[in-house]
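In what follows, a structure is listed as structure tokens, so that the remarks can point back to it.
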Amino acid sequence: MVSNEVAYNSKIEGEVIVTKADAVVNWIRKHSVWPMPMGLACCAIELMASAASRYDISRFGMEVMRFSPRQSDCMIVAGTVTYKMAEVVRRIYDQMGDPKWVVAMGACASTGGMYRSYAVMQGVDNIVPVDVYVSGCPPRPEALLDAMMKLQDKIGNEPSTSRLLQARNTSMV
Amino acid sequence: MIDKDFIEDLLKKHPYSNVKHQNDCLTLSCPAQQIIDLTTELRDQQTFDLLVDLTAVDQGEAVENRFMVVIHLYSCIHHDYIRIHSDCTDNESPEFPSIHSVYPAANWHEREAFDMFGIVFTGHPNLKRILMWDEYPYFPLRKEFPLAGIDVPLPADDVVEVTQASVEPAPMMGGPFVSSGQGFMSDAEPRAKDESWTEKKEKPV
Ligand code: SF4
């Protein structure tokens, strides 16, 4: 069985750890997700609750909320994306460094939610690629934590090394 | 106190205004040209010093004066409200005098009424859209505007180039948010009145 886990048995391996580059890179990435709180409406309140002491998102290694896109790698779109705001959301996404992920939190960010109206974009996936959708209006903090753990699983299975090599090759050309 | 004497006195001073019967608070009608005069008097002489709200109503194309501006004033002395109804004259390109000079708080309210109804407030210092983006071509709260919206390009060209996104009418099928308002609740509720484009019905070209 091919495992992506980092395993180390000191009796067998001594001071050497044998593993795959992907496993190491992903292990590092998924335990240091720095979310960018894109709080646009009521869901943002629930996002704050997830970060506060009761639900404590830091238990899962992603509590470092950064309000600058340049310092973060996971945009949590929490709230209603209006057409007027869509441009801003995309620009902030563009300013985030690779690798980056997007979580659409709540019905509004996922599909437009209850706002079937002229002013609301029917899902943020119209402008940015979404990795995880969270249902609920608003989702409970547990649901967000679950989504973030799903995202960690997803990061854990990415072909990071080949992507890194690819990026290096294209940038060298 | 807003009592009979107060109202009589007010009407005597402003013969152009009328009392409209409303259940909650004193409601006056006033022609658009006299609105500055009336509000100035209410502010300075009658202590109605607080502008609570300024908005507009679209009464539909069939009505002679389609657009009506509604102003709510509050007096911190009387502890009571006054409402003023005032019709805009032109139905095609409605205009209304800005009361920004009397109540500076009217600034954003008038911008909102302009944004949603297209009422031009003459004399307003900064009359531009406040909710929709500047280039938006429609006035969404007018009666003929469909709730779902109308196709227009997104305001940012570079974002459109990357994402191919645009402003599209929202799908209305099965939305429980607009009641058809007729018949039994079970028939009326989950259907939208405005189904110009749904999953089942093709978008009209
Ligand atoms: S999904 Fe519900 S709670 Fe979240 S932003 Fe939309 S309306 Fe608010």
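One residue is enough: does region A:84-97 have a residue meeting the conditions open to solvent by 10 Å² or more (accessible area, probe 1.4 Å), more than 14 Å from chain B (Cβ to nearest Cβ) and closer than 30 Å to A:W27 by Cβ?
If we filter region A:84-97 for residues that are open to solvent by 10 Å² or more (accessible area, probe 1.4 Å), which is where we start, we get A:84-85, A:87-88, A:90-95, A:97.
In the following step, the residues that additionally are more than 14 Å from chain B (Cβ to nearest Cβ) were identified as A:97.
Add one more test, that the residue is closer than 30 Å to A:W27 by Cβ, and what stays is A:97.
There is at least one residue in region A:84-97 that is open to solvent by 10 Å² or more (accessible area, probe 1.4 Å), more than 14 Å from chain B (Cβ to nearest Cβ) and closer than 30 Å to A:W27 by Cβ.
Considering only residues that are open to solvent by 20 Å² or more (accessible area, probe 1.4 Å) and in contact (Cβ under 8 Å) with a residue 60 or more places away in the chain, which ones fall in region B:1-55?
Correct list: B:M1, B:I2, B:K20, B:Q22, B:Q33, B:I36, B:T40, B:R43.
If you take the residues of region B:89-108 that are crowded, with 22+ Cβ neighbours inside 10 Å and within 13 Å of the chain's Cα centre (by Cα), which of them is nearest to B:D58 (Cα to Cα)?
The selected residue is B:P94.
Looking at region B:41-52, can you tell me whether even one residue there is out of contact with any His (no Cβ under 9 Å at 6 or more places or on another chain) and of a type in the set (V, I, T)?
No: region B:41-52 contains no residue that is out of contact with any His (no Cβ under 9 Å at 6 or more places or on another chain) and of a type in the set (V, I, T).
The values are calculated or read from the model by the stated rules, or taken from the named source; none is laboratory data. What you see is a predicted model, and the numbers here were worked out from it, not measured in a lab. Glycine gets a Cβ as well: all are built from the backbone with ideal geometry, and neighbour counts include every protein chain shown. Ligands, DNA and RNA are excluded from the accessible area calculation, which covers all protein heavy atoms including side chains. Shrake-Rupley method; radii C 1.70, N 1.55, O 1.52, S 1.80 Å.
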